[in-house]
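Q: Just passing along the structure, written as structure tokens.
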Amino acid sequence: MSWKTYTVKEPTELTVSKYVKERFSLSSRDIQMMFRKKRVKVNSRVAHSQRSLKKGDVLTLELPQDKDYGVDVEKGPITVLYEDAHTLVVDKAPFMLVHPAGQTKSGTLSNYVAGYYAKKGVVHKVRPVHRLDRDTSGCILFGKTKEAQQYYTDELQAGRIDRIYTGLVEGCINEDGVVDEPIGIDPVFDNRRVIDEFGQPAQTEYTVLGHEGEHTLLKFKLLTGRTHQIRVHMEHIGHPIVGDAMYGARNKPYTRQCLHASELTFVPYGKDEPITVNCEVGDDFGHEK
């Protein structure tokens, strides 16, 4: 392990232990170990866990290393779109879960990411920052370290990670627009979402890219990140995603919902300038690239 240095940039009245625990998403066990082994310093001096911090204090600490992947390691296809010491962005294929859930313990993207790390001879707990529906393909962001994951989670909640999707919808749309309708859980089927005046605010921008027969190809920008947001919003305005069996209909030749996470723009952890990661739409949309 190597020592890392951080400056407290915001006013705070937290103790060192509480600040480190919250800032780096560490467990109480990790925190106890770090202080017991004198792996936390403030202004170059070994710190007591109950010492109060203030803005401008310089923290030097040795963060615990991951000891396992958190999921079963499996060999599988991985398309890396961007990678550095703290960050991994990969292309998720359709018909795949991002992370093990329920009865599905293997064959997920996270299992394959663990296999990718293992092949490189490194150990990182697999930490997806966000999720995509099983049938949706495209960009998925992973934080390799606890601090990177926390940073990206905060960036996502603050709206500083731009997510662009490409989707094919039923019917003809000729003008760009915004759907601004709150979304809540379906009272009958808890795996579905519905427009609900008491739900969470949700805004989806869409831009017309072209027309393909009776369908319209759209670019979507998420201004919020609700479950099934694009799918629910497009169904609400009468233009469900092509192939969406839950909110529309699935008819040949489409074998899945035609929705793809095509672009992520974010400032990588530890860096100052934003980057944009692109991911081409697969040919199973039934249109030419």
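Q: When you scan region 63-182 for strands (runs of 3 or more DSSP E) that lie fully inside it, which ones turn up with 1 or more residues that are touching a strand residue (DSSP E or B) at 6+ places or on another chain (Cβ under 8 Å) and open to solvent by 20 Å² or more (accessible area, probe 1.4 Å)? Before the answer, list the steps.
A: On the way: elements: 80-83, 87-92, 137-143, 162-170, 177-180.
Correct list: 80-83, 87-92, 162-170, 177-180.
Q: Any chance region 210-226 includes a residue that's in a strand (DSSP E or B), within 20 Å of the chain's Cα centre (by Cα), surrounded by fewer than 16 Cβ atoms within 10 Å (Cβ to Cβ) and among the aliphatic types (A, V, I, L, M)?
A: no
Q: Okay, next question. Which residues, taken from region 279-289, are within 30 Å of Thr153 (Cβ to Cβ), of a type outside the set (Val, Ile, Thr) and either modelled with pLDDT under 90 or open to solvent by 60 Å² or more (accessible area, probe 1.4 Å) (or both)? Working first, answer last.
A: Residues of region 279-289 that are within 30 Å of Thr153 (Cβ to Cβ), as a first pass: 279-282.
Cutting the leftovers down to of a type outside the set (Val, Ile, Thr) gives us 279-280, 282.
Within region 279-289, Glu280, Gly282 meet the criteria.
Q: Write out, first by first residue and then by second, each pair whose Cβ atoms fall under 8 Å of each other, whose residues are 6+ apart or on separate chains, and whose first residue, in region 121-134, is without any contact (Cβ under 8 Å) to a residue 60 or more places away in the chain and farther than 25 Å from Phe24 by Cβ while the second is in a loop (DSSP other than H, G, I, E, B) and open to solvent by less than 40 Å² (accessible area, probe 1.4 Å).
A: Going by the 8 Å Cβ cut-off, the qualifying pairs are Arg134/Pro94; Arg134/Met96.
Q: Determine, yes or no, whether Ser49 is of a type in the set (S, T, N, Q) and exposed (fewer than 13 other Cβ atoms within 10 Å of the Cβ). Break it down into steps so the answer makes sense when it comes.
A: Details: of a type in the set (S, T, N, Q): yes; exposed (fewer than 13 other Cβ atoms within 10 Å of the Cβ): no.
Criteria not met by Ser49.
Q: So, Thr255, is that one in contact (Cβ under 8 Å) with a residue 24 or more places away in the chain, surrounded by fewer than 16 Cβ atoms within 10 Å (Cβ to Cβ) and within 20 Å of Leu132 (Cα to Cα) or not?
A: yes
Q: Taking into account only those residues within region 8-47 that are among the β-branched types (Val, Ile, Thr) and assigned to a helix (DSSP H, G or I), which is farthest from Thr60 (Cα to Cα)?
A: Ile31
Q: Filter region 259-278 down to the residues that are part of a loop (DSSP other than H, G, I, E, B), at pLDDT 95 or above and surrounded by 15 or more Cβ atoms within 10 Å (Cβ to Cβ) and list them by number. Before the answer, list the steps.
A: Initial filter on region 259-278 (part of a loop (DSSP other than H, G, I, E, B)): 267-274.
After this cut, where a residue has to be at pLDDT 95 or above as well, the list is 267-268, 273-274.
Of everything in region 259-278, those that are part of a loop (DSSP other than H, G, I, E, B), at pLDDT 95 or above and surrounded by 15 or more Cβ atoms within 10 Å (Cβ to Cβ) turn out to be Val267, Pro268.
Q: Just wondering, is there one or more residues in region 17-32 that are without any contact (Cβ under 8 Å) to a residue 60 or more places away in the chain, farther than 22 Å from His86 by Cβ and of a type in the set (A, V, I, L, M, F, W, C)? Reasoning before the result, please.
A: Initially, region 17-32 is screened for residues without any contact (Cβ under 8 Å) to a residue 60 or more places away in the chain, giving 17-22, 27-32.
Imposing the further condition that a residue be farther than 22 Å from His86 by Cβ reduces the set to 17-18, 28-29, 32.
Checking which are of a type in the set (A, V, I, L, M, F, W, C) leaves us with none.
No - not one qualifying residue is present in region 17-32.
Q: Given the criteria among the acidic types (Asp, Glu) and under 30 Å from Phe24 (Cα atoms), does Glu155 qualify? So that I can check it myself, show each step before the final result.
A: Numbers: among the acidic types (Asp, Glu): yes; under 30 Å from Phe24 (Cα atoms): yes.
In short, yes.
Q: Quickly run through region 227-246 and pick out the residues that are open to solvent by 20 Å² or more (accessible area, probe 1.4 Å) and either part of a loop (DSSP other than H, G, I, E, B) or free of Cβ contacts under 8 Å to residues at least 24 places away in the same chain (or both).
A: Within region 227-246, Thr227, His228, Glu235, Ile237, Gly238, His239, Pro240, Ala245, Met246 qualify.
Q: Can you name the residue in region 53-62 that is touching a helix residue (DSSP H, G or I) at 6+ places or on another chain (Cβ under 8 Å) and assigned to a strand (DSSP E or B) and is also surrounded by the most Cβ atoms within 10 Å (Cβ to Cβ) among such residues? Don't jump to the end; show me each part of the working.
A: Quick first cut of region 53-62, residues touching a helix residue (DSSP H, G or I) at 6+ places or on another chain (Cβ under 8 Å) only: 53, 59, 61-62.
Now restrict to residues that are assigned to a strand (DSSP E or B): 59, 61.
Details: Leu59: 20, Leu61: 22.
Among those that are touching a helix residue (DSSP H, G or I) at 6+ places or on another chain (Cβ under 8 Å) and assigned to a strand (DSSP E or B), it is Leu61.
Q: Hey, another quick one. Here are some conditions: (1) open to solvent by 30 Å² or more (accessible area, probe 1.4 Å); (2) hydrophobic (A, V, I, L, M, F, W, C); (3) over 30 Å from Glu263 (Cα atoms). Leu26 meets all but one. Which one does it not meet?
A: Tallying (1) open to solvent by 30 Å² or more (accessible area, probe 1.4 Å); (2) hydrophobic (A, V, I, L, M, F, W, C); (3) over 30 Å from Glu263 (Cα atoms), Leu26 fails exactly one: (1).
The values are calculated or read from the model by the stated rules, or taken from the named source; none is laboratory data. Quantities reported herein were computed from a predicted structural model and do not represent experimental measurements. Cβ coordinates were reconstructed from backbone atoms using ideal geometry, including for glycine residues, and neighbour counts include every protein chain displayed. For the accessible areas, the whole protein counts, side chains as well, though only heavy atoms, and no ligand, DNA or RNA atoms are used. Shrake-Rupley method; radii C 1.70, N 1.55, O 1.52, S 1.80 Å.
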